[in-house]
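Structure first, then comments.
The values are calculated or read from the model by the stated rules, or taken from the named source; none is laboratory data. Just so you know, these numbers come straight off a predicted model, no measurement behind them. Virtual Cβ from ideal backbone geometry, glycine too; neighbours counted across all protein chains shown. Areas reflect the complete protein model, heavy atoms only, side chains present, ligands, DNA and RNA absent. Shrake-Rupley method; radii C 1.70, N 1.55, O 1.52, S 1.80 Å.
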Amino acid sequence: MTSFLKDGRSRPVALWLACVALIVFAMVVVGGATRLTGSGLSITEWKPVAGVLPPLSAADWAKDFALYKATPQYRQVNAGMSLAEFKSIFWWEWSHRLLGRLAGAAFAIPFVLLLALRQMPVRLIWRCAILLALGGLQGLVGWWMVKSGLENRVSVAPERLATHLGLALILFAALVWTAMEAWSGQGRGRAARTGAWPVAAILFVALVFVQCLLGALVAGNHAGLIDNDWPLMNGYLVPPDYAGKTLWATLAHSQAAVQFNHRIVAYAVVIMAVGITGTGLNSVLLMGQSRALALAVGVVAVLQALLGIVTLMSHVPLNLALLHQAGAAILLATATALAWRVRRP
C-alpha cells in the first residue's frame, strides 16, 4: 500500500477542496435568497437525516404547513397564506438545507476514501479534519439561528444570522486556502523578500470578513429598506436615529446604526483594496500571481461597493441583493488567495 503523500502536494485533493468550496459558495447565495424571500422559518424541525426528503404526500404537506402556522411569523406576517404560497418558501429553505447536506457528504466521503487509500498529504490531514468539524458545527449553528425565530420573533435574530454567515465564510475561506496548499505543496523557503505584504494581506482578509458580518446584521435587521439615498442617509451624514437604548441594541439591532456601520467599513475596504492594488502593481516584491491578485482585489472591491450602492438605492431587489452577497464571498476568496500567495515564494 502506498504511503501518505509527504510533500503536501496533490492536485486531486486541491480540486476536491475547490469543488466543496463552490458548494459552500452556493450555500451562501441560496442562504441569502432564503432570507430575502422570508423562507428561513418555513421548516420548523431539524431532521439531519430524515429531512433530506421533502414532503411526498398531501398529508405530509398539510403537517408541515400546520407546524408553520404555529409560528409567530405566520400569525403576524403571513396569516392567510395558501398552501401553494407556503410551498414557494418551503422549497427555498429545503434547498438551502440540502446544499448543506451535500457539502457535508462531498467533503466527508472523499476525505474518508483518501485516508483509506493513503492519498492525503500528511500535513493537510489535521486541517481537513478541522474543516469537517466546522461543517458539522455549521449545521448546529444554523438550527440555533432558526430556533430564534420560532418562538417570540417573526424573523431570526440578526446576531445569530451573522454568526451563521460568519462561520460559513470561515469555512469557505479555509477551503480556498487549503486547496491552494494542496495544489502547490510544501513550501521550500522564500525565494524573495515579501516585506509587510503577508501582514497587510491578512489584515485585509479580516476587514473584509468584518464587513461581511456587518452585512449580515443589515440583512437581519432589514436595514437595507431604510435610508435608501447615497452618500447621505435620509439627508444626514450621521442618521439621527443611530443610537439604540444600549450599546448592544445599537450595534446589533438599530437599523440606522448597522447600515451606517456597513457603509463606513465599506469605504475602508475600498480604500485599502485600492491601496493594495496601487502598491502591488508598483512593488518590486510582488511578481506574477501575487501582482495579478493584488489587481483583482481592487477591481472586485470597487465593483462590490458600486453594486452595494445600486442595491441600496433600488430598495434591495432580490437579484441585486443576491449578486451583492455573492460578490462579498468572491471578494473574500480573492483576498484569501492573495494572503496565501504573498506568504509563498
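For the chain, the mean residue ellipticity at 222 nm estimated from helices alone is -23500 deg cm²/dmol, where every DSSP H run of n ≥ 4 contributes -39500 (n - 2.57) and the total is divided by all residues, rounded to the nearest 500.
Per residue, the convex hull spanned by the Cα atoms of the chain amounts to 140 cubic angstrom. For the chain, the solvent-accessible area of protein heavy atoms averages 48 Å² per residue (probe radius 1.4 Å; ligands and nucleic acids excluded). Dipole size of the chain about its Cα centre, with +1 on Lys/Arg Cβ and -1 on Asp/Glu Cβ: approximately 1260 debye, rounded to the nearest 20. Loop-located GluC sites (Glu not before Pro) across the range 116-212 with a Cβ neighbour count of 13 or fewer within 10 Å are Glu151, with loop assigned by DSSP.
For the chain, averaging the sequence separation of C-alpha pairs within contact (under 8 Å, six or more residues apart) and dividing by the residue count gives a relative contact order of 23 percent.
With distances taken between every two different alpha-carbon atoms, the range 142-301 has a Kirkwood hydrodynamic radius of 18.1 Å. Computed over the range 207-345, relative contact order equals 25 percent, with contacts defined as Cα pairs under 8 Å that lie 6+ residues apart. What you get for the range 1-88, charging only the Cβ of Lys and Arg (+1) and of Asp and Glu (-1), is a dipole of about 200 debye around the Cα centre. Starting from the Cα of Ala268, step 7 Å along the direction of its Cβ; do the same at Lys245; then give the gap between the two resulting points in nm. It is 2.9 nm. Its relative contact order, with pairs defined as Cα atoms under 8 Å and 6+ residues apart, puts the range 109-223 at 32 percent. Mind giving me the nanometre distance, one decimal, between the label points for Lys69 and Ile170, set 7 Å out from Cα along Cα→Cβ? With each label point 7 Å from Cα toward Cβ, the separation is 4.1 nm. Of the chymotrypsin sites (Phe, Trp or Tyr not before Pro) in the range 27-116, the ones in a loop by DSSP (not H, G, I, E or B) with at most 16 other beta carbons within 10 Å are Trp46. Would you calculate the separation in nanometres between label points at Val299 and Leu115, each defined as 7 Å from the Cα along the Cα-to-beta-carbon direction? About 4.0 nm, to one decimal.
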